[in-house]
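**Student:** Got a structure for you, written out below as structure tokens; questions coming shortly.
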Amino acid sequence: AFALLAPQLNAILNDESSVEEKIRNFTANYISFMSKHPYLPAFIIQELNRNPDFVLKMKDKKGFPNIEKFKKQIAVEIQKGILKPIKGEQLFINIMALNIFPFVASPLIKAFVNIDDKAFKQIVEDRKTEVADFIINSIKA
């Protein structure tokens, strides 16, 4: 399943859209995919803990996300005054963390928020815009 997602994410990171559009597209795409495969993030984390070399196998596959162009684009948009100063790596980690966590911690979130599966699915769907808006508002100059 990750082999299907990775090229899509890589294409978004390396297309010609603005950083804002990339964040919106990445978040919507990631959440849609994970909603169909909700156990994938937990599986990947389990595999990374069990076998740290697991990521090396994934990294060598065609289409594995490359953030170099994304990092350069962030630097350009900072220089133009569009974005506040932020390192591209940190922004990418923030995007990943805010998108992955609900899937990895769904039982915990359901318990804290006191919701059932149906309400959780709606919260996850709402995160497509909530996460993107949150990140964009935090980095806009």
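The values are calculated or read from the model by the stated rules, or taken from the named source; none is laboratory data. Nothing here was measured: the structure is a model prediction, and the numbers come from that model. Positions of Cβ are backbone-derived with ideal geometry, glycine not excepted, and every protein chain shown enters the neighbour counts.
**Student:** Can you name the residue in the stretch 39-91 that is assigned to a helix (DSSP H, G or I) and among the acidic types (D, E) and is also nearest to I139 (Cα to Cα) among such residues? Even if it seems obvious, please write down each step before you answer.
**Tutor:** Residues of the stretch 39-91 assigned to a helix (DSSP H, G or I): 40-50, 54-59, 68-79, 88-91.
Among the residues that remain, those that are also among the acidic types (D, E) are: 47, 68, 77, 89.
Numbers: E47: 33, E68: 19, E77: 10, E89: 14 Å.
In this case the residue turns out to be E77.
**Student:** Within 20 Å of L98 (Cβ to Cβ), in contact (Cβ under 8 Å) with a residue 12 or more places away in the chain and surrounded by 18 or more Cβ atoms within 10 Å (Cβ to Cβ): is that true of P65 in this structure?
**Tutor:** Spelling it out, P65 is indeed within 20 Å of L98 (Cβ to Cβ), in contact (Cβ under 8 Å) with a residue 12 or more places away in the chain and surrounded by 18 or more Cβ atoms within 10 Å (Cβ to Cβ).
**Student:** Given the conditions (1) of a type in the set (A, V, I, L, M); (2) under 24 Å from V19 (Cα atoms); (3) surrounded by fewer than 11 Cβ atoms within 10 Å (Cβ to Cβ), and given that I95 satisfies all but one, which numbered condition is not satisfied?
**Tutor:** (3)
**Student:** Sticking with this structure for a sec: Taking only pairs six or more apart or across chains, which ones have beta-carbon atoms under 8 Å, a first residue in the stretch 33-60 that is farther than 30 Å from Q122 by Cα, and a second residue that is small (G, A, S)?
**Tutor:** Cβ pairs passing all conditions: M58/A6.
**Student:** For the subset of the stretch 105-114 comprising residues that are surrounded by fewer than 18 Cβ atoms within 10 Å (Cβ to Cβ) and touching a helix residue (DSSP H, G or I) at 6+ places or on another chain (Cβ under 7 Å), which member is farthest from Q46 (Cα to Cα)?
**Tutor:** K110
**Student:** Among (1) farther than 20 Å from F134 by Cβ; (2) at pLDDT 95 or above, there is one condition A6 misses while meeting the rest; what is its number?
**Tutor:** It fails just one condition, (2).
**Student:** Next question, about the same structure. Go through the stretch 1-38 and report how many residues are farther than 19 Å from I95 by Cα and either in contact with an Asp or Glu (Cβ under 8 Å, 6 or more places away or on another chain) or not in a helix (DSSP H, G or I) (or both).
**Tutor:** Residues in the stretch 1-38 being farther than 19 Å from I95 by Cα and either in contact with an Asp or Glu (Cβ under 8 Å, 6 or more places away or on another chain) or not in a helix (DSSP H, G or I) (or both): 1 in total.
**Student:** For the condition at pLDDT 95 or above and either closer than 18 Å to N94 by Cβ or among the β-branched types (V, I, T) (or both), what is the one hit in I67, I74?
**Tutor:** Exactly one of I67, I74 is at pLDDT 95 or above and either closer than 18 Å to N94 by Cβ or among the β-branched types (V, I, T) (or both), namely I74.
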